[in-house]
Amino acid sequence: MVTILANGFVPESLAECLELKAKRSLTPYAGGTDLMIEEDRGGQYLFLHKIPELKRIREDDDNLYFGAACTFTELLESALAPAILKAALSRIAAPAIRNTGTIGGNIGNGSAKADSALIFFVTDSALKLSGSKGERLVPIQDFYLGRKKLDLQPDELISEVRMPKKWLSKYDYQKIGARKSLAISRLSFAGLFAEENGAITHCAVAFGAVSDVIIRRKDLDSLLIGKTIPDAKAAKSAYIKAYEEAIVPIRGRVSAEYRKETCLNLLKDFLNKMGI
Ligand SMILES: Cc1cc2nc3c(=O)[nH]c(=O)nc-3n(C[C@H](O)[C@H](O)[C@H](O)COP(=O)(O)OP(=O)(O)OC[C@H]3O[C@@H](n4cnc5c(N)ncnc54)[C@H](O)[C@@H]3O)c2cc1C
């Protein structure tokens, strides 16, 4: 059943929600923690908090699935959410924001500072987009087309995040903010690493709050994959140099020079921690 409010609609199923989205110009409203600071232009909202399909947390053999309207707190309390995701979620804002803010809103806001999105980048997660014509699965790296530009059609919603289970166990996560809590990322870093029989089987890094879109360069990380630790040590400076060239920071409250230097320091720390 759909509840009609003065400022929008509250559907109780995904089908109702998508039907409304296809017919009207409605702004999806999940936790409202980003929308609440925007000027109210009198538009109508599509409230997402009562849709069970968007609240599901589940798994199969290969993947974890997180409904887009899951709040940060719900994921922090879930036994299925991996430690790397919890490390980032626990550093978001303060309890009141974590109780209402959602991963769908974090992604849908289109910011490279989004702390959960960083983890979805480094884990090569994909987004399920649901619309009136059906569903499609898009790798998160392809979903972001630029600053606040998303590959999302007017009739579509982000309905789920699919995260591969492989490679999640050995990770590093760093958030640089102006203070220890309630700080938006000035810079953030996440890395995953795996080694088997002396050879590197996986290496993935991502940098948040540096450019218009979170940086994830599989082509550069492949420089280390397949190498032994001694060979990776020998390739370390070339790997760091490749990132030095690839990272083109935007200027904001902190300088581009600071952003780049800090990114490279976080990358070096990650490599040290992984024995390289
Ligand atoms: C005080 C404060 C501190 C904050 N600290 C942090 C922080 O430390 N780290 C951080 O990452 N963020 C932080 N934020 C930003 C915000 O809390 C997050 O981005 C949060 O995840 C937004 O989720 P939401 O559900 O509240 O989104 P909403 O405000 O409901 O929506 C945000 C945007 O996403 C769209 N949207 C929502 N759901 C969907 C969907 N399913 N499909 C498509 N589009 C959708 C909306 O239309 C809107 O454009 C902070 C905000 C505040 C106010």
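Read-outs throughout are calculated quantities, based only on the coordinates presented, and are distinct from any laboratory measurement. In this text, all values refer to a predicted model and were calculated from it rather than measured experimentally. Cβ atoms come from the backbone with ideal geometry, glycine included; neighbour counts cover every protein chain shown.
Dipole magnitude of the stretch 102-149 about its Cα centre, charges +1 at Lys/Arg Cβ and -1 at Asp/Glu Cβ only, in debye to the nearest 20? Can you show the working numbers first?
Working: 7 positive and 4 negative charges, 53 e Å.
I would put it at about 260 debye.
For an R0 of 35 angstrom, estimate the FRET efficiency from the Cβ-Cβ distance between Asp212 and Val2 and round to the nearest 0.05. Kindly include the intermediate steps, with their values, before the conclusion.
Details: r = 36 Å, r/R0 = 1.04.
Using R0 = 35 Å, I get an efficiency of 0.45.
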So for Phe207, Phe189, fewest C-beta neighbours within 10 Å to most, what's the order? Phe189, Phe207
Using Cα atoms only, what is the angle between the long axis of helix 256-273 and the major principal axis of the chain, expressed in degrees (0 to 90) to the nearest 10? 70 degrees
Select from Ser255, Pro154, Ser181 the residue farthest towards the positive end of the dipole of the chain; place +1 on Cβ of Lys and Arg, -1 on Cβ of Asp and Glu, and compute about the Cα centre. Ser255
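Say the cut-off is 26 Å between C-alpha atoms; which of Lys86/Lys268; Lys23/Lys55; Lys170/Lys227; Lys50/Lys218; Lys55/Lys133; Lys113/Lys170 go over it?
On the way: Lys86/Lys268 23 Å; Lys23/Lys55 24 Å; Lys170/Lys227 17 Å; Lys50/Lys218 37 Å; Lys55/Lys133 22 Å; Lys113/Lys170 23 Å.
Lys50/Lys218, as the Cα separations exceed 26 Å there.
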Binned at 5 Å from 0, what are the whole-percent values of the Cα-Cα distance distribution for the chain, short to long? 1, 6, 12, 17, 18, 16, 12, 9, 5, 3, 1, 1, 0
Please report the equivalent ellipsoid semi-axes of the stretch 3-164, computed as sqrt(5 x eigenvalue) of the Cα gyration tensor, largest first, in whole Å. 23, 18, 16
In order over the stretch 229-245: 3J(HN,Hα) from phi, Karplus 6.51/-1.76/1.60, θ = phi - 60°, whole Hz, x for each Gly or Pro, gives 4, x, 5, 5, 4, 5, 8, 4, 5, 5, 5, 5, 4, 4, 5, 4, 6
Could you work out the pair-distance distribution P(r) of the stretch 171-273 from its alpha-carbon pairs, with 5 angstrom bin width and percents rounded to whole numbers? 2, 12, 24, 24, 17, 10, 6, 3, 0
